[in-house]
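All remarks here apply to the structure that follows.
No value in this document is a laboratory result; all are computed from the given coordinates. A quick note: this is a predicted structure, and the numbers were derived from the prediction, not measured. A quick note on method: Cβ atoms are made from the backbone with ideal geometry, for glycine too, and the neighbour counts reach across all protein chains shown.
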Amino acid sequence: MATNTLEHEWQSVAEALEVPAATMRLVQGSMSQLEAYHRPTAEHCKRVGILAVRIGQYAELPLKPLFYGASLHDRGKLKVTRALLDKTGEWTAEDAQALRDHPSDGYEETLNEGMVVTAGLIVRHHSFQPNAYPEQLPDAPPYMAGSFEQCARMIALADYYDAAHRPNSAGLSTEEEIKAKLLAHQADMNELVNALYEEGILGTPR
């Protein structure tokens, strides 16, 4: 998706959700920092924000928390070197370790801005995978009841799906390969994943 088209679609989602102006200024401020530091990461965040809302519409989840948390999920990568963010070859154990702090860094930045729910969603986006991190998570907001963990899980799903389209040492994966990886990675969510493909929410051109 071209940069201008992506920006327009992301802004359109925000407008459709009637995101308050003050909140949008915070989100856009963080996005501008990411764009200046590493545009591919910023574009990834916007795609994940759009996709998380589409998944949330299907799953009947609160959409604004999904949009905020998904759009800002990787803001902590401002503290990761550009060389590592650009790496497409095999990652080393040191590379993986260097990335482990970004959910916590994003959490702290967002919490300092007063976006408590968004911060809690950001810190959880790598908590549903093998070797999950960080090990310590803040409590879920009691007023969101069961939907909070569901929102966090949908952001993780959208993040994994979009990240699977990045080129690696073997080149680009096909959509069939990505679906197979997604079903293996999200084994307890295969019914939802298959439904999202059937609905065209997943599997459409990015």
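Per-structure values
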read-out	value
Convex hull of segment 85-206 built on C-alpha atoms - directionally averaged projected area, nm²	8.8 nm²
Quotient of C-alpha Rg and 2.2 N^0.38 Å, computed over segment 1-111	1.10
Set of aspartates and glutamates with alpha-carbon distance to LYS79 below 13 Å, sequence-local pairs under 8 removed	ASP101, ASP105, GLU108, GLU109
Viscosity 1.306 mPa s, 10 °C: Kirkwood-radius Stokes-Einstein D of segment 3-198 over Cα pairs, µm²/s	93 µm²/s
Those aspartates and glutamates that a straight Cα-Cα span of less than 18 Å connects to LYS64, excepting residues fewer than 8 apart in one chain	GLU7, GLU9, GLU15, GLU18, ASP74, GLU113, GLU149, ASP159
Two-site FRET efficiency, ALA132 against LEU85, from Cβ-Cβ distance with R₀ of 30 Å, rounded to 0.05	0.90
Segment ALA195-LEU172, extension gain: residue separation times 0.36 nm, minus the distance between their alpha carbons	5.9 nm
Theoretical ellipticity at 222 nm over the chain - DSSP helices of four or more residues, -39500 (n - 2.57) apiece, nearest 500	-19000 deg cm²/dmol
